[in-house]
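The values are calculated or read from the model by the stated rules, or taken from the named source; none is laboratory data. Predicted model, so just to flag it, every value in this text is computed and none were measured. Every residue, glycine among them, receives a Cβ derived from its backbone with ideal geometry; neighbour counts consider all protein chains shown. With ligands, DNA and RNA removed, areas are computed over all heavy atoms of the protein, side chains included. Shrake-Rupley method; radii C 1.70, N 1.55, O 1.52, S 1.80 Å.
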Amino acid sequence: MKTKLKTLATLYVTFLKIGAFMFGGGYSMLPLLSRELVARRGWVTQETLLDYFAIAQCMPGALAVNTATLVGSNRCGVLGGLSALLGVITAPMALITAIAASLMRFWHLPAVASAFAGIRVAVAALICAALIGLICDNVKNVFGIVLCVFAFIVVAVFGQSPIFVVLAAAIAGLVAGRIKR
């Protein structure tokens, strides 16, 4: 029982840290997740983490919340999912509450606008770093390159939902696997 409580507490604290540094939405948390869950703790492999991330994108709700819940559930069942979920939302909720209580009085100040402009640039860099890492780790052959470029064009140029792109990529992967056999 003590071991399970310790695991639940560790899940909460781990995702509390991730949630505290997750600016810009769920995509910006991928490098944090990879470093903390794969490299530091060894809870999941990079491949499993990417699978969770893909599943979380297909589910309704926030990407960060869904990913945390999947990882937590894998580690310690329903209570693990709940612990990870609470951990990942605690810091953002506290921060949003504090900002909402005070920021509106200062929003018009140039220093505040400049700070948020800088944060947006840093978040864009985090997303680019995660994207480069994902491509390097997963695009290994011509099929992967074609699928990657096609998915990018369908989402970025034509504005299609990522859900349909993920489903189409899964079907393409199944077909390619059948053809290889």
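The residues of segment 44-62 that are in contact with a Leu (Cβ under 9 Å, 6 or more places away or on another chain) and open to solvent by less than 40 Å² (accessible area, probe 1.4 Å), listed by number, are Val44, Leu49, Leu50, Tyr52, Phe53, Ala56. Just one of (1) touching a residue at least 40 places away in the same chain (Cβ under 8 Å); (2) in a helix (DSSP H, G or I); (3) buried (at least 16 other Cβ atoms within 10 Å of the Cβ); (4) not hydroxyl-bearing (Ser, Thr, Tyr) fails for Lys4. It is (3).
Pull out all pairs, ordered by first then second residue, where Cβ-Cβ is under 6 Å, the residues are six or more apart or on different chains, the first lies in segment 37-61 and is in contact (Cβ under 8 Å) with a residue 12 or more places away in the chain, and the second is among the polar types (S, T, N, Q). Every condition considered, the pairs that remain are Tyr52/Thr67; Phe53/Thr67; Ala56/Asn66; Ala56/Thr67.
Is it true that some residue in segment 78-95 is farther than 22 Å from Met22 by Cβ, open to solvent by 50 Å² or more (accessible area, probe 1.4 Å) and outside any helix (DSSP H, G or I)? Explain how you work it out, then say what you get.
From segment 78-95, those farther than 22 Å from Met22 by Cβ are 78-79; that's our starting set.
Add one more test, that the residue is open to solvent by 50 Å² or more (accessible area, probe 1.4 Å), and what stays is 78-79.
The next check asks that each one be outside any helix (DSSP H, G or I); those that pass are none.
No: zero hits.
Looking at this structure, is Phe15 over 17 Å from Ile132 (Cα atoms), of a type in the set (Phe, Trp, Tyr) and buried (at least 19 other Cβ atoms within 10 Å of the Cβ)?
Yes; evaluated as a whole, the condition is true for this residue.
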